[in-house]
Amino acid sequence: MDLVDAHSLYTVMAFVTFIGIVAWVYSGKRKAGFEEAGRLPLTEEDSPADGRQNGGD
């Protein structure tokens with residue numbers, strides 16, 4: 001196996017990995033989890049994480 005074959009094999013493996021990731025992302029089982037993660041920045045917390053109030057000293 002020469003360098004050209006190794007590059008070709010690497011390209012094919014990268015493409016197969018890419019297709020696998022795309023299939024995983026668009027699978028129906030993952031939709032609810034991704035929608036929940038997408039709403040995280042829009043949710044409001046009851047109190048700040050570090051315990052301080054807004055406008056405090």
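Things to note:
- Residues that are part of a helix (DSSP H, G or I), charged (D, E, K, R) and out of contact with any helix residue (DSSP H, G or I) (no Cβ under 9 Å at 6 or more places or on another chain) within segment 20-44 comprise LYS29, LYS31, GLU35, GLU36, ARG39, listed in sequence order.
Condition check ((1) modelled with pLDDT of 90 or more; (2) surrounded by fewer than 10 Cβ atoms within 10 Å (Cβ to Cβ); (3) in contact with a strand residue (DSSP E or B) (Cβ under 6 Å, 6 or more places away or on another chain)) across all residues:
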{"site": "ALA6", "(1), (2), (3)": "yes, no, no"}
{"site": "LEU9", "(1), (2), (3)": "yes, no, no"}
{"site": "TRP24", "(1), (2), (3)": "no, no, no"}
{"site": "GLY33", "(1), (2), (3)": "no, yes, no"}
{"site": "LEU40", "(1), (2), (3)": "yes, yes, no"}
{"site": "THR43", "(1), (2), (3)": "no, yes, no"}
{"site": "ASP46", "(1), (2), (3)": "no, yes, no"}
{"site": "GLY56", "(1), (2), (3)": "no, yes, no"}
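The values are calculated or read from the model by the stated rules, or taken from the named source; none is laboratory data. Computed from a predicted model, the values in this text were never measured in an experiment. Positions of Cβ are generated from backbone atoms using ideal geometry, with glycine treated the same way; all protein chains shown enter the neighbour counts.
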